[in-house]
């Protein structure tokens, strides 16, 4: 993802069309590095969120009403004093740099009209919000940067605002081919992709890849290896996108990979493989940024909240794997039992020939076409006592084999159960889903039950609900409890059940209402079953489907585990754009 100069150019154009000319009605700081400006313009109110956070600098219009501290920070109070009811006279971008300047007009205490500037620098760990007067003398900033922190530029009250030359790069908008060719001489041994985003302002690595893709050049080759024709093709690719920026022809869009937001851009990115990525276009850069960051935050938050459960389940799976390996070894050792039974039978048959004190007996094995065999003996025991000893070993190993075989079945079921829970964690979208998984883990003794006022707390979480193109209700379970619920309580005998073959995943139920279900609904249900499974990253997945009346619950098995025999199967592509669940 890249909040680059092109996205900022798109955002600047949008802000000029919406809030330029408006008046600031409210200034707040929801967080120590966030600024929220409420602007009234053309009888509408807009909220502009600006963050100078080192890890996530951003700026966009939002509808969210963020809470602010009761006591406003000093920087917030300063802005309220100088631009609290000021008019936004201009919004501009510094070239294609990640810097936006807001100009404000407001009357001072003497009634004179004063001009002030707010510079928003969205440059990673160097991000800042700097407030200056009309001569670009710094009045204050959200982050103070003394000379001890930066030898390039001090950001302190009273200092002049400027952008260090070391940070300035060539602006691709307005650059001619001669200038570009001359620029390539400075990066001879650099890879082309790296050279472009390090030498051109406002260009992110992914846009640099796009330039190379459009010009048919490998981004990993060195600049010095480029021919004159390749440099011309590369310039034309840059100029094509520069022309879109110059004329304001932006196409804000988000790229999804496996239904997770992966990239956003204000120009199309042909370099992203269409088989791996899916595209969602937007009309507004602010809405794009708001959606992207809220989705990312939601995914990150769910992963953080599920981290303890994921670790617990992973540790339990490792223990189960070690247990299985030990049991498999015991079972392999038990395979020797038949040898001891044969030794006993041979001693009972030929033992009368022994005189006592022998360490072995050589005889014909009537179980193996009378081939010669050597039977080890304890010289202190008689033939019958040696035979009894071998029979005891045989009986012990037989009992071990029977017991371990049963234990292996339990261990494999436990492993399958834990693997399904791990898959459920990936499918969880709400905290209630995680609580239901906690309840399942508690029910099987992995953690303690949640208790409130001396009573066990049971989580309530709803399965996903979709409506097919033909109007049939489709339900998708996100965990084992939900799978159990929709399969054995919601579904009736003639409803159809779907599940990705051979991998953990959701049960999918199509409510047939005793009607014939069209092929298109079958295909949509199978796509959902493939998507909500461990196989969602595959191009195509085999999906089993069967009527609910043919399913049987696994005796003594975990919730949601079923047995079936006479099923049908189809190949389905995991739905990469799932419609919104009701």
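The values are calculated or read from the model by the stated rules, or taken from the named source; none is laboratory data. Treat the numbers as computed from the prediction; the structure is a model and nothing was measured. We place every Cβ from the backbone using ideal geometry, glycine too, and count neighbours over all the protein chains shown.
Things worth noting here:
- Of the strands (runs of 3 or more DSSP E) lying entirely inside region 467-582, those containing at least 1 residues that are in contact (Cβ under 8 Å) with a residue 40 or more places away in the chain, closer than 21 Å to residue 416 by Cα and in contact with a helix residue (DSSP H, G or I) (Cβ under 6 Å, 6 or more places away or on another chain) span 473-476, 496-500, 541-547.
- Residue in region 154-162 that is touching a helix residue (DSSP H, G or I) at 6+ places or on another chain (Cβ under 9 Å) and either assigned to a strand (DSSP E or B) or at pLDDT below 90 (or both) present: no
Residue-by-condition table, conditions (1) closer than 23 Å to residue 259 by Cα; (2) in contact with a strand residue (DSSP E or B) (Cβ under 7 Å, 6 or more places away or on another chain); (3) assigned by TED's automatic domain parsing to the domain that holds residue 548:
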residue: 399; (1), (2), (3): no, no, no
residue: 423; (1), (2), (3): yes, yes, no
residue: 443; (1), (2), (3): no, no, no
residue: 451; (1), (2), (3): no, no, no
residue: 467; (1), (2), (3): yes, yes, yes
residue: 477; (1), (2), (3): yes, no, yes
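- So residue 166, is it part of a helix (DSSP H, G or I) and modelled with pLDDT under 90: yes
- Number of the exception - residue 15 against (1) touching a helix residue (DSSP H, G or I) at 6+ places or on another chain (Cβ under 9 Å); (2) closer than 29 Å to residue 246 by Cα; (3) part of a strand (DSSP E or B): (3)
- Residue match in region 289-302 (condition: farther than 22 Å from residue 429 by Cβ, in contact (Cβ under 8 Å) with a residue 60 or more places away in the chain and touching a strand residue (DSSP E or B) at 6+ places or on another chain (Cβ under 7 Å)): no
- Just one of the listed residues (178, 189, 154) is out of contact with any strand residue (DSSP E or B) (no Cβ under 8 Å at 6 or more places or on another chain) and either farther than 23 Å from residue 9 by Cβ or in contact (Cβ under 8 Å) with a residue 40 or more places away in the chain (or both), namely 178.
- Residue in region 93-103 that is in a strand (DSSP E or B), within 26 Å of residue 164 (Cα to Cα), out of contact with any helix residue (DSSP H, G or I) (no Cβ under 7 Å at 6 or more places or on another chain) and modelled with pLDDT under 95 present: yes
- Lone qualifier among 386, 369, 325, 348 - being outside any helix (DSSP H, G or I) and more than 30 Å from residue 478 (Cα to Cα): 369
- Scanning region 540-582 for residues that are modelled with pLDDT under 90, within 29 Å of residue 411 (Cα to Cα) and under 29 Å from the mean Cα position of the chain (by Cα) yields no hits at all.
- Filter result for the condition that a residue is surrounded by 15 or more Cβ atoms within 10 Å (Cβ to Cβ) and under 56 Å from the mean Cα position of the chain (by Cα), over 420, 405, 395, 432: 420
- Residue match in region 112-120 (condition: outside any strand (DSSP E or B) and over 39 Å from the mean Cα position of the chain (by Cα)): yes
- Residue within region 332-339 that is under 30 Å from residue 391 (Cα atoms) and not in a helix (DSSP H, G or I) present: yes
- Single unsatisfied condition, residue 88 versus (1) without any contact (Cβ under 8 Å) to a residue 40 or more places away in the chain; (2) surrounded by 21 or more Cβ atoms within 10 Å (Cβ to Cβ): (1)
- From the list 108, 128, the one residue that fits, being surrounded by fewer than 18 Cβ atoms within 10 Å (Cβ to Cβ) and assigned by TED's automatic domain parsing to the domain that holds residue 57, is 108.
- Hits in region 34-55 (condition: modelled with pLDDT of 90 or more and surrounded by fewer than 20 Cβ atoms within 10 Å (Cβ to Cβ)): 34, 38, 40, 41, 42, 43, 44, 45, 46, 47
- Scanning region 57-77 for residues that are under 22 Å from residue 140 (Cα atoms) and in a loop (DSSP other than H, G, I, E, B) yields 57, 68, 69, 70, 71, 72, 73.
- Residue ID - nearest to the chain's Cα centre (by Cα), chosen from residues in region 441-491 that are under 23 Å from residue 504 (Cα atoms) and exposed (fewer than 14 other Cβ atoms within 10 Å of the Cβ): 465
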